[in-house]
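Enquirer: Below you will find the structure I want to go over with you.
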Amino acid sequence: MFHETAVFLYSITTGFACSGIVANLYHLLNGKKDRLGRSVYLATMVVAGPSELFERSAKARHEKNCSWIAFLLAVAVAGYWSFILGLLIIQIALALA
């Protein structure tokens, strides 16, 4: 039981860390807003989505623009998204090792 819980938490943290790294790199390198820029944005948000979703929902909650239920739903979606992303990253790392 402990092993499965540890893998679950490790997967979530791995996915959220990867998401944050990709989101921050995108914000640092963001420049163009043309058609190619929009495609790059959408492709980047597949990986950076959990970090962006959590950041925007926390900001909206802080500004009192959303309810607790909407905030918790956004956190749950970001957590699940991070979990799936983390599983993918762990599987890739194990395949390369």
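The values are calculated or read from the model by the stated rules, or taken from the named source; none is laboratory data. The structure displayed is predicted, hence computed values, not measured ones. For neighbour counting, all protein chains shown are included, and Cβ atoms are generated from backbone atoms with ideal geometry for every residue, glycine included.
Enquirer: Considering only region 44-97, state which residues are farther than 21 Å from ALA23 by Cα and β-branched (Val, Ile, Thr).
Expert: ILE69
Enquirer: Of the conditions (1) part of a helix (DSSP H, G or I); (2) charged (D, E, K, R); (3) surrounded by fewer than 14 Cβ atoms within 10 Å (Cβ to Cβ), LYS64 fails just one. Which one is it?
Expert: So LYS64 meets the others, but not (1).
Enquirer: Output the residue which, of all residues in region 1-45 that are part of a helix (DSSP H, G or I), over 19 Å from the mean Cα position of the chain (by Cα) and modelled with pLDDT under 90, is surrounded by the most Cβ atoms within 10 Å (Cβ to Cβ).
Expert: Selected residue: GLY37.
Enquirer: Just a yes or no: is a residue in region 71-86 outside any helix (DSSP H, G or I) and either surrounded by 15 or more Cβ atoms within 10 Å (Cβ to Cβ) or at pLDDT below 95 (or both)?
Expert: The answer is no; no qualifying residue exists.
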